[in-house]
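Q: Let me give you the structure first, and then I'll get to my questions.
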Amino acid sequence: MRTFVVLRQYPGGLGLQGSLEKEIANLGVVAGSGLPVPSILATDVAGASTGGAPSLLMTRLQGHVHLNPAEPRSWMTRIAEIAVLLHSLDLPAKMFRPWTDSWIAPLDGFQVPVDAQKPAVWKAAFGVMAAPPPKDTAVFLHCDLLPVNMLWSRGKITGLTDWNSIHRGARAIDVGHCRRYLAALYSPEWSEQLRSLYESIAGVTLDPWWDLYALLHYDDSGPKWIRSQVAGRRPVDVPGMTSRVEVAIETALRRLG
C-alpha cells in the first residue's frame, strides 16, 4: 500500500535546529490526543543525512487548505468546534506570557498601521493593553490557529498543521488570532460570527482583553504575509485589509466598555 509523506526541512546553517526540535516535541504532545495531526516517521535535527538541512518526515494528512467556503457559517462552525476540542485537552505546555511569547514584544512594539482609517481606535486599544493582563482559565493552545493551518475534506477539518507554538493560556488568544485573520481576509462580520459560534459551542464567554490582545497582532507587514500564506487560493483585497481589522478592533473595544 502506498503511503504519502511530507518532508519538512529548515534551511541549513541558520541555527534553526531548535525550531525543529520544538516542533518534534510538540507533535509528541498532541500525538494520540484525538486531534487530526501528522505522525512523525523520522527526524534528522542535525541534517547529517539531508545535506545539512534539519529535517522532519511526517505522514501526510488528508485534505487541503480551504479558503473559499460556499457556506461560510458551516465552515466557521467547524473551525469553532475544532478550537473547542483543542481547548478541552489536558495537555502539558508552558504558560503563555503576553509580552514574551509573541512576535509583538515588548508592549511598545504596537504601532498604528500607516493606512489606518481611525488611528485613535488603535491608540485606544494600545492603551487598554497597558493594563496588567487579566487572569483567565488556562487551556491548551495551538497559538497559530489560522485557516491556512487547517486541512479540509468533504466539509470537515481533517488536519491541523504548524505545531511550533503550543502554550497554555486564555482561550481567546487562539480564537482572537483566527478572528483577526478572518477580518483581514474576509470581513469583520465573519470575525464576529466566529466569536459568537465559539462561545455558543464552548458555553463560555471569551475574555475581551485577551481577545483584543490577539486582534492587535497586526502591523504594516500583515497584508504581505497573509497574501503569501493564501498563495493564490482566493482573491486577496490587500487595500481594504487594515480597515477591516480596524472594525474588528473597534468592536472588541466596545465590549471592554
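Q: Using Cα centres only, tell me the gap between region 21-50 and region 191-250 in whole Å.
A: Taking the Cα centre of each part, region 21-50 and region 191-250 sit 29 Å apart.
Q: Around residue 86, with a cut-off of 11 angstrom between Cβ atoms, what is the net charge of the other residues, counting Lys and Arg +1 and Asp and Glu -1?
A: For residues surrounding residue 86, the net value is -1.
Q: Using a Cα-Cα cut-off of under 12 Å, which aspartates and glutamates could be cross-linked to residue 135, ignoring same-chain neighbours fewer than 8 residues away?
A: Once the sequence-local aspartates and glutamates are set aside, what remains near residue 135 is 207.
Q: Between the helical axis of 119-129 and the dominant principal axis of the chain, each derived from Cα atoms, what acute angle in degrees is found, rounded to the nearest 10?
A: Helix 119-129 and the main axis of the chain meet at about 70 degrees.
Q: More than 35 Å apart: what percent of Cα pairs in the chain qualify?
A: Above the 35 Å cut-off, the chain has 15 percent of its Cα pairs.
Q: Can you tally the net charge around residue 204? Count Lys and Arg as +1, Asp and Glu as -1, for every other residue whose Cβ sits under 11 Å from the Cβ of residue 204.
A: For residues surrounding residue 204, the net value is -2.
Any read-out appearing in this document is the output of simple, stated calculations on the displayed coordinates, not a laboratory observation. For clarity, every value in this text was computed on a predicted model and none was experimentally measured. Here Cβ is always computed from backbone atoms with ideal geometry, including for glycine, and neighbour counts include all displayed protein chains.
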